[in-house]
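Scroll down for the structure; my scribbles are underneath it.
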Amino acid sequence: MNHKTDIKSFNKTELEELLSQRGLPKYRAAQIFQWLHVQGVRSFDEMTNLSKELRSSLQADFYIPFCTIERKLVSQKDDTVKYLFSLYDGNTVESVLMHYKYGYSICVSSQVGCKMGCKFCASTINGCVRNLSAGEILSQIHAAQNDMHIRISHVVLMGMGEPLDNFENVMRFLELVSDNAGINISARNISLSTCGIVPKIKELENKKLQITLSVSLHAPNDSIRSEMMPVNNKWGVEELLCACRSYVKATSRRISFEYAMISGVNDSATCAHDLGKKLQGMLAHVNLIPVNTVKENSFHKSDKAHIEAFIDILKKYGVNATVRRTLGSDINASCGQLRSAAMQEHPLQKEVSD
Ligand code: SAH
């Protein structure tokens, strides 16, 4: 267990306070912030414009979270790179780097595992081990940037974990990642995906951020959704959509609904009509994702004809829908699959004891 404090999770003001307590000037905070957030250094020794004394005094009290590459898979079909990173305690998380015309986008994890229990998802198979700190979420970006010698321009919080179940750290991450003295990715280039923790969507709404909210809906009604997603037993479809309407009203931001197309489960014409009626008139977009078959379950993706028919029905209600381009399908790019496979081969996972 690491008893030192994670220095990457402090914002600039807090770093300044911390250094002034040690009798050090403000500009030192700016230097340290730059090493941590722009360069993404892994040790205080790399901060070459600080004195040796300062570096070792920081080293005594703080640690810099970083991600070590355990596995790296590069898609042969596209430029997608999937990383399995290990953290200071041996736990592992996955990130996926995608190359688009507009630049690089990274899908990062917010928790080690997930406790939400969605039936189709590999991340949740062994439950949630722990939350990631803001610094650990940032470190996934740093590790990928430094490995590939690139700058990442877009972030999606769609990796392992439920971001709204790690609310404080994720909010801190959003503040730090968009800091113009740091990684400097603007809120408009950030998406956060949730399975639908309604009270936290409300809290997020109050923050009035310009990020894109994605909601993993996956079914138009409670009977299907509760079968697939246990969270629906707590907050049903109507309650969730009500929170979404309120979110759109408060932020004027379009919501993106994720809908994994699963053959024979949620892809019928009846489902499409049901969904169309419920989303009609909302500032929303539906992302249809042919479900990725996970070894541990028996869901199969809908065929092209079902997907096209589904889109056509939604259109009748004025609801926009597109099929998500599947990147990295040859490298288990759907989150949770690589960690799950690696854990079965040789368990890296350690329980956090305190
Ligand atoms: N917990 C958050 C974010 C992580 S999952 C959430 O639920 O939104 C990111 C997205 O991938 C979610 O929409 C999730 O439902 C979807 N997903 C998970 N497993 C999948 C699979 N096997 N096939 C297709 N999409 C999947």
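Taken as a whole, the condition of being over 26 Å from S86 (Cα atoms) and either of a type in the set (V, I, T) or in contact with a Ser or Thr (Cβ under 8 Å, 6 or more places away or on another chain) (or both) applies to K26.
Taking the criterion of being in a loop (DSSP other than H, G, I, E, B) and either among the small types (G, A, S) or closer than 22 Å to D179 by Cα (or both), the residues of region 114-150 that qualify are G117, A122, S123, G127, L132, S133, H149, I150. Among the residues of region 82-111, those identified as assigned to a strand (DSSP E or B) and out of contact with any Gly (no Cβ under 8 Å at 6 or more places or on another chain) are Y83, L84, F85, S86, T92, L97, H99, Y100, G103, Y104, S105, I106.
Might you check whether a residue that is within 18 Å of R172 (Cβ to Cβ) and part of a loop (DSSP other than H, G, I, E, B) occurs anywhere in region 69-80? Looking for residues that are within 18 Å of R172 (Cβ to Cβ) and part of a loop (DSSP other than H, G, I, E, B), one finds none in region 69-80, hence no. In the set (1) within 15 Å of the ligand (Cβ to nearest atom); (2) at pLDDT 95 or above; (3) more than 24 Å from S191 (Cα to Cα), S298 fails one condition alone, (2).
Screening the candidates L176, L209, L192, L241 for the property of being assigned by TED's automatic domain parsing to the domain that holds H273, within 16 Å of the ligand (Cβ to nearest atom) and within 19 Å of the chain's Cα centre (by Cα) yields one hit, L192. Looking across region 2-54, the residues that are outside any helix (DSSP H, G or I), of a type in the set (A, V, I, L, M, F, W, C) and either modelled with pLDDT of 95 or more or in the same structural domain as N184 (by TED's automatic domain parsing) (or both) come down to F10, V41, M47, L50.
Restricting attention to region 62-97, the residues being of a type in the set (K, R) and out of contact with any helix residue (DSSP H, G or I) (no Cβ under 7 Å at 6 or more places or on another chain) number 1. For region 94-135, the set of residues classified as away from the ligand (no atom under 16 Å from the Cβ) and of a type outside the set (S, T, Y) consists of H99, K101, G103, A134, G135, listed by residue number. Of the residues making up region 301-342, those that are modelled with pLDDT under 75 and β-branched (V, I, T) are T326, I331. Do the conditions hold for V112, that is, is it over 17 Å from S153 (Cβ atoms) and buried (at least 18 other Cβ atoms within 10 Å of the Cβ)? When the stated conditions are applied, V112 passes them.
The values are calculated or read from the model by the stated rules, or taken from the named source; none is laboratory data. This is a predicted model, so every value here is computed, not measured. No Cβ is skipped: glycine too gets one built from the backbone with ideal geometry, and neighbour counts run over all protein chains shown.
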